[in-house]
Amino acid sequence: MRRAIAGAALALVVATPALAGPPYLTDDPAPTDTGHWEVYGPLVEASGTGSDYEGSTGVELNYGPATDVQLTLELPYAFAHDETGSHSGAGDIGASIKYRFYNNEAAGVQLAVFPAITLPTASAGLGAGRVTGYLPIWGQKDFGPWSLFGGGGYAINPGPGQRNYWNGGIALTRDLGQSTSFGIEAFREGPDADDARATTSLGAGFIRKLGGPFRLLASAGPTFVDGQKALQFHAYAALGLDF
């Protein structure tokens, strides 16, 4: 789900290291705290242009089983709309493991790998139809209320007419107080099919801490397709639960 548009991060509290996660396309190296859960759901993400769009809704589960390790499971319900009408059904289930192999708290620097796979569980026409993979590396530097993070990786996208591709991004976020943070990003992705083109996405987003363990997360922005004038969009919104 998030891996399809890749996913990323904001800081929540000024006096502490940045806590990262959705809602951005760019991801981050910070894992879920050991013995804790991060749940995003219900969540909705979509991309496209005008009435021609696709996306998913569902739940993302993150758990920290050990220090510097995060397990992620994505359970999407996919939807799409084009000139033939609306279509919806089960999406491709995603699973990934984040391992933070470097964490210098004094310098505010972190590095992690976050390999992922998706399983061909989607209804016809709403998924890849094959197992796909993603092999990224992410880094982060915190300085005061600011956090700069980014990186990228190689996507394995088999099948007739499909192509493997690289992607990557960079994001800058800032705490605006004890309950709100804001960020901007730029993300670049290569063509994922023989008839596709590379894209560049810009975005802005926020995280708003609600009462108790709840957070509201949202991001959106334009996507530019190489060699085309038509402007596309991408958007994400979710309710977060930490415990």
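The values are calculated or read from the model by the stated rules, or taken from the named source; none is laboratory data. On a predicted model such as this, the values are computed, not experimentally measured, just so you know. Glycine gets a Cβ as well: all are built from the backbone with ideal geometry, and neighbour counts include every protein chain shown. Just so you know, the surface numbers come from the protein's heavy atoms only, side chains and all, with ligands and any DNA or RNA stripped out. Shrake-Rupley method; radii C 1.70, N 1.55, O 1.52, S 1.80 Å.
Quick notes on this one:
- Full-extension gain in nm, residue 241 to residue 164, via 0.36 nm per residue minus C-alpha separation: 24.3 nm
- Area projected by the alpha carbon convex hull of segment 18-110, averaged over all directions, nm²: 7.1 nm²
- Local electrostatic count at residue 150 - Lys and Arg +1, Asp and Glu -1, tallied over other residues with Cβ under 11 Å: -1
- For the chain, radius of gyration divided by Kirkwood radius, i.e. Rg to Rh on alpha-carbons: 0.95
- Hz values of 3J(HN,Hα) by residue in segment 122-128 - Karplus curve (6.51, -1.76, 1.60), Gly and Pro given as x: 6, 5, 3, x, 10, x, 6
- Inter-part distance, segment 141-178 to segment 26-94, computed on C-alpha centroids, equals 15 Å.
- Gain on full extension, evaluated as 0.36 nm per residue between residue 230 and residue 49 minus their Cα-Cα distance, stands at 64.4 nm.
- Scanning residues 5 or more positions from residue 176 or on other chains, those with amide H under 5 Å from its amide H are 181, 182, with H placed 1.01 Å from N in the peptide plane.
- Simple spin-label estimate for residue 37 and residue 204 in nanometres, 7 Å along Cα-Cβ: 3.5 nm
- Note that the chain presents 46 Å² accessible area per residue, ligands and nucleic acids not counted, probe 1.4 Å.
- Share of carbon and sulfur in the accessible heavy-atom surface of the chain [1.4 Å probe, %]: 64 percent
- Once the GluC sites (Glu not before Pro) in DSSP loops with at most 10 neighbouring Cβ atoms within 10 Å are cut out of the chain, the longest remaining piece is 106-243.
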